[in-house]
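Presented below is the structure to which this report refers.
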Amino acid sequence: LRAAPLARAIRRLPPVPPRPAGGTVRVGFLSNGFGAHPTGLLIVALFEALRAVPDIDLHLFALNPRDRSPIRHRLESATRVHDVAGRNHAQVAMAIRDAAIEVLFDLRGWGGGGTPEVLAMRPARVQVNWLAYPGTSGAPWIDYVLADEFVLPPALEPHFSETVVRLPRCFQPSDSTRALPVPPSREACGLPATGSVFCCFNNSYKLNPASVARALAAVRAVPGSVLWLLSGPG
C-alpha cells in the first residue's frame, strides 16, 4: 500500500553503469540509528571486524545528527560516515550516488524514521532490506532481503517481493566486545530491595491492553513482585 504510490510518484535517477570486475566494492548503509540507538549497538562490532576485509569500502549515511556517543565514535572510526541529517530525499540520494555506492543496505525499511523515497530513486545499483524491518518491503526498488531461516521461514518466502538471501545462522549481529558496567543497586533504580521484578523495556507505544493485562496477571500471581517499565515514549 505504501510502496506502490511511491513507485509511481518518485522519479528515478539515471541507471548506474555496471561496475568493472574485481576491485573494491563500495557498500553503503542508510539509517537513522547510527549512534546510541539499537541499530548502532547491533552493528558497530560487525563494522569494526569488516575493517580487516581489504575489498570492502564501508560508507554510512546517517539520517540522525551526530550524538557524540561512544557508539557513534566507534562507527566513525570503523567506516566513513556521511552526515545527511536534515537533507531532503533528493540530496540524500545524490550523496549516495556521488559516493559511488554499489550495494546499499536499507537498515530501516518501514520500521519508522527511514526514507523510502531515497531508495525509490535508486541511488545504488543493488539495494538490500536488512535488520530493522525483517518483513517484505513490497517495493520494486529493493532487490534482496537479508534474513535467516528463523526470522524468514521458507514457507513465507513466496510472500516477499525481494530475493531472499539467508545467513547460515543469525541475520542479526551484536556487539561481541561490549563491556558490562557495574550494575546499579535495586534502590538506585527505584525498585524495592526484595521481591521478583518483571521487566518490559519496550517503548510504551508498543504496549496494549492485552499485553499489559497479561503482565499484571503475572504480578498478581507472585506476591511481592513488581512490574518495571520505561518511564515514557522513547
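The values are calculated or read from the model by the stated rules, or taken from the named source; none is laboratory data. Just so it is clear, the structure is predicted and the values come from calculations on it, not from any experiment. Reconstructed Cβ throughout: ideal geometry from the backbone, glycine too, with neighbour counts over all protein chains shown. When the accessible area is computed, the model is the full protein with side chains, heavy atoms only, and any ligands, DNA or RNA have been set aside. Shrake-Rupley method; radii C 1.70, N 1.55, O 1.52, S 1.80 Å.
What the table shows:
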| item | result |
| --- | --- |
| Cleavage-rule hits, trypsin sites (Lys or Arg not before Pro), the stretch 146-234, DSSP coil, Cβ neighbours within 10 Å at most 10 | Arg169, Arg178 |
| Table column - 3J(HN,Hα) (Hz), the stretch 185-194, Karplus curve with 6.51, -1.76, 1.60, x for Gly and Pro | 6, 4, 4, 5, 8, x, 9, x, 5, 10 |
| Residue with peak Gaussian network fluctuation, the chain [Cα springs, cutoff 10 Å], from Ala147, Ala36, Ala210 | Ala210 |
| For the chain, built as a Gaussian network whose Cα springs stay under 10 Å, the top-fluctuating residue of Glu76, Glu187, Glu48 | Glu187 |
| Normalised contact order of the stretch 88-146, rounded percent, pairs of Cα under 8 Å and 6 or more residues apart | 35 |
| The stretch 202-219-the stretch 172-189 distance, computed between alpha-carbon centres (Å) | 24 |
| The stretch 78-212 - percent relative contact order, Cα under 8 Å, separation 6 or more | 15 |
| Accessible surface of the stretch 1-65 [probe 1.4 Å, protein heavy atoms]: carbon and sulfur percent | 64 |
| Surrounding net charge for Pro14, when Lys and Arg each add one and Asp and Glu each subtract one, Cβ distance under 15 Å | +4 |
| Most fluctuating residue given options Pro54, Pro223, Pro14, as computed from a GNM of the chain linking Cα atoms under 10 Å | Pro223 |
| FRET efficiency, Ala179 to Asp83 (Cβ-Cβ, R0 35 Å, nearest 0.05) | 0.80 |
| Normalised contact order of the chain, rounded percent, pairs of Cα under 8 Å and 6 or more residues apart | 17 |
| Neighbour net charge for Glu48 - beta-carbon separation under 11 angstrom, K R +1, D E -1 | +1 |
